[in-house]
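Below is one structure; the comments refer to it alone.
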Amino acid sequence: AMSWHQNWPRQWRSPDPKPEYDVVIIGAGGHGLATAYYLAKEHGITNVAVIEKGWLGGGNTGRNTTIVRSNYLWDESGLFYENAMKLWENLSQELNYNVMFSQRGVMNLAHNLGDVRESIRRVNANNLNGIDAEWLNAEQVKEFCPIINISKDSRYPVMGATLQRRGGTARHDAVAWGYARGADDMGVDVIQNCEVQGLMIGNGTVKGVRTSLGDIKAKKVAMACAGHTSVVADMAGIRLPIESHPLQALVSEPMKPVIDCVVMSNAVHVYVSQSDKGELVMGAGIDAYVGYSQRGSLHVIEDQLASAMELFPLFSRTRMMRSWGGIVDTCPDASPIVGKTPVKNLYVNAGWGTGGFKATPGAGWCYAHTIAKDEPHDLNAPFSIDRFITGALVDEHGAAGVAH
Ligand code: FAD
Ligand code: PYC
C-alpha cells in the first residue's frame, strides 16, 4: 500500500568507516546508540563510530518485552533506575521521536508469604528513595486489573502485588531509531554490517578495533554488546563473571484491548502486557543452559503459557502468533557492570541480563560520562567490575522479577 511513497529522507546515513575515531562503540543496540547520543550531546564528543555486526536495534533491544520500571531494592540500583525513569519521562521530547512511552503501571504479583514480605520491604525501600511504589492486597489487584484470577483455589493464589504507576512500556525499535537519528544528526557514524573481530592493544592500552571492514584506530573503545560481551572482552584477554543465556518471548494474535497495565509474576513465572497492535506480549525466565542461539526451548513456552492460563483464564482460547529469543548477559548478582576495564581506555557496559531495556537512557547517559571523563559517574560507580573482587555485590535477584 505504501509502494507509491518515494524519496523519503533517510533517518541516518550509512557511512564507510573512517580510519580513526575518538571513540568507537561496539554494538548498536539501545545502549550503544544512547551512549553515542549523550557523548555528542552532553560532552561535545562527535568523532564517534557505533559499530554493529548486524542491523541497528536487531539484538536484545529489538527482542525484548519493553517493560520499564525503577522499583529495585538497593539504594545503588534504585537511584540508577530512577534516573533512567526520569529520562524516559522526557525521551520523546528529547529525541523529537515518539518512543510511545506508556506509563500504564507495572504490578509485580506476590503468591506466598515470602513474596509478600519481600514485596512490602521493596515498596518501603523504594519510597525511601523517592520512587513511587504501592502495596496492593488481592482485592486491590483485581480492581487494578479486572481480568486477573485471584481465586484462593489457584495453585499459587495471588496474595497481593507491588504497583509502580509510573512504570509501563515503550516502543523498543523507536528507542533505537530515535537515538540513532539523534546521534547521526550530531555527526556520529553508525556503521552496520561490520563485525568487531579483534581489539588492537599495546602497552596495556586499547588502540582500536579489527573489523570485518578493516582496522579502525580509536582513542577509546566502549563495549555495548550485551550477550556477546564475554566474546569481545576475551579479545582483550579479560574474563568477566558473565553467563550468556537465551531469553525468549512470544506474542499472541491481536485482539481488542483486554489488559491496560503490565503484570509480572515471578512465582508462577510469566509477564504480560498488550501491545498497541493488540497482541499479548509475554515472557518467562531464561532458558537454563548457556548458548548464543537466538531461540529458546519449547518447555519454557509451555510453562509460561500454563502460568498465563492460571492468572488469566480468559486467554485460554487465544492463539500464539510468534516467538523469538535473545541472548542475555547475566551477572551473579543480577546487576550490571558499567565502567572501566583493566585495559586503559577500554570500557564495559554489560551484564544487564533480563532487564536492561528499562535502563537504556540512564545507562547511555552514565556510560557517556564514564567514557568522556575516564571515571564513572556517582550513579554507576557501584557497578564496577571491582565489586566481584571486593564483594560489594548489589543483589537484585528479587527485583529483577525474571528468573535468572
Ligand atoms: P543489544 O540490543 O543486544 O545490542 C548489542 C548489539 O551488539 C547487538 O545489536 C549485537 O549485534 C552487537 N554486537 C555483538 N557483538 C558484536 C561484535 N563483535 N561486533 C559488532 N557488534 C556486535 N529488559 C527490560 O528492561 N524489560 C523487559 O521487558 C525486557 N524483556 C526482555 C525480553 C527478552 C526476550 C530479552 C531477550 C531481553 C529482555 N530485556 C528486557 C533485556 C533487554 O532487552 C536488554 O538488557 C537490553 O536491550 C540490552 O540492550 P543493549 O543495547 O545492551 O543490547
Ligand atoms: O526487567 O522488568 C524487567 C523485565 C520484564 C521482562 C523481562 N525483563
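The values are calculated or read from the model by the stated rules, or taken from the named source; none is laboratory data. Everything numeric here is computed off the predicted structure, so don't read it as measured data. Virtual Cβ from ideal backbone geometry, glycine too; neighbours counted across all protein chains shown. With ligands, DNA and RNA removed, areas are computed over all heavy atoms of the protein, side chains included. Shrake-Rupley method; radii C 1.70, N 1.55, O 1.52, S 1.80 Å.
Here are the numbers for this structure:
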item	result
Links that overshoot a 20 Å alpha carbon limit, given the list 344/373; 18/373; 41/207	18/373; 41/207
Total formal charge among the other residues, if their Cβ is under 10 angstrom from that of residue 362, Lys/Arg +1 and Asp/Glu -1	+1
Equivalent ellipsoid dimensions for the stretch 88-176 as semi-axes, Å, which come from the Cα gyration tensor, largest first	30, 16, 10
For the stretch 325-385: Kirkwood Rh in Å [reciprocal of mean 1/r, alpha carbons]	11.8 Å
Accessible area of the stretch 274-404 divided out per residue, in Å², using a probe of 1.4 angstrom	41 Å²
DSSP-defined beta bridges in the chain - what % are antiparallel, rounded to 5	70 percent
Signed unit charges on C-beta, dipole axis of the chain, positive-most listed residue 162, 80, 284	284
Calculated Rg and Dmax of the chain using C-alpha coordinates, Å	20.9, 66
Helix 298-311 vs. the chain, principal-axis angle (Cα, 0 to 90°, nearest 10)	40 degrees
Shape call, the stretch 11-115: gyration tensor on alpha carbons, a/c limit 1.5	prolate
Distance from the stretch 383-404 to the stretch 183-248 (C-alpha centre basis), Å	24 Å
Local electrostatic count, residue 48, Cβ distance below 10 Å [Lys/Arg +1, Asp/Glu -1]	-1
Relative contact order (%) - criterion: Cα under 8 Å, at least six apart; region: the chain	23 percent
Rounded to the nearest 20 debye, dipole of the chain from Cβ charges on Lys, Arg, Asp, Glu	540 debye
For the stretch 19-45 versus the stretch 99-160, the gap between their alpha-carbon centres in whole angstrom	38 Å
In the stretch 251-349, the chymotrypsin sites (Phe, Trp or Tyr not before Pro) that fall in loop regions by DSSP, at most 14 other Cβ within 10 Å	289, 292
Charge dipole magnitude, Cβ of K and R +1, D and E -1 - the stretch 317-404, Cα centre, debye nearest 20	560 debye
Sites matching chymotrypsin sites (Phe, Trp or Tyr not before Pro) across the stretch 14-114 that sit in DSSP coil, with at most 16 neighbouring C-beta atoms within 10 Å	55
1.4 Å probe accessible area per residue over the stretch 1-122, in Å²	46 Å²
Portion, in percent, of the accessible area of the chain that falls on carbon or sulfur, probe 1.4 Å	52 percent
Debye equation applied to the C-alpha atoms of the stretch 264-378, log10 I(q)/I(0) at 0.09 Å⁻¹	-0.36
C-alpha long axis of helix 75-89 to longest principal axis of the chain, angle in °	80 degrees
Unit charges at the beta carbon, dipole of the chain: most positive-side option, 255, 364, 330	255
Nearest 10 degrees, 0 to 90: helix 113-128 Cα axis against the chain principal axis	50 degrees
